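This report concerns only the one structure given below.
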Amino acid sequence: MKVTVTFGDTSVVVPCKSGWTVRDLIDQATRRYRRILEQHGESAVKTHHLEYAEGGILDMDDMLSDLVEDRDKVRMEEEPFV
């Protein structure tokens, strides 16, 4: 299964393994997004939560396979840096 995770204007595709939780997807998506930022001299990412593209927050401890399907799109909400 592959899931597209959007951070603002940037999207990353994450191949997901069986048995993953939402937390696992967040970790992998953030790692991939951070690599993109590092190419532009940035690296700070502070995530808040993951939600469906049409709204609805996903619980970090839920099994990913119970919530999303192959090629679904979700959106990462980031915490602003102060």
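The values are calculated or read from the model by the stated rules, or taken from the named source; none is laboratory data. Keep in mind that this is a model prediction, so the values were computed, not measured. Don't worry about glycine lacking a Cβ; one is built from the backbone with ideal geometry, like all the others, and counts go over all protein chains shown. Just so you know, the surface numbers come from the protein's heavy atoms only, side chains and all, with ligands and any DNA or RNA stripped out. Shrake-Rupley method; radii C 1.70, N 1.55, O 1.52, S 1.80 Å.
What percentage of the solvent-accessible surface of region 2-77, computed with a 1.4 Å probe over protein heavy atoms, is contributed by carbon and sulfur atoms? Carbon plus sulfur share of accessible area: 42 percent. Only the Cβ atoms of Lys and Arg (+1) and of Asp and Glu (-1) were treated as charged; on that basis the dipole of the chain about its Cα centre amounts to roughly 440 debye.
Here the chain carries DSSP beta bridges of which approximately 80% are antiparallel, counting only pairs with both residues inside. Mean residue ellipticity at 222 nm, helices only, the chain: -7500 deg cm²/dmol; runs of at least 4 DSSP H residues each add -39,500 (n - 2.57), and the sum is divided by the number of residues.
Counting only protein heavy atoms and a 1.4 Å probe, region 2-77 has 61 square angstrom of accessible area per residue.
Taking 0.36 nm per intervening residue step and subtracting the Cα-Cα distance, what contour gain separates Tyr52 from Ser65 on full extension?
In short, 3.3 nm is gained.
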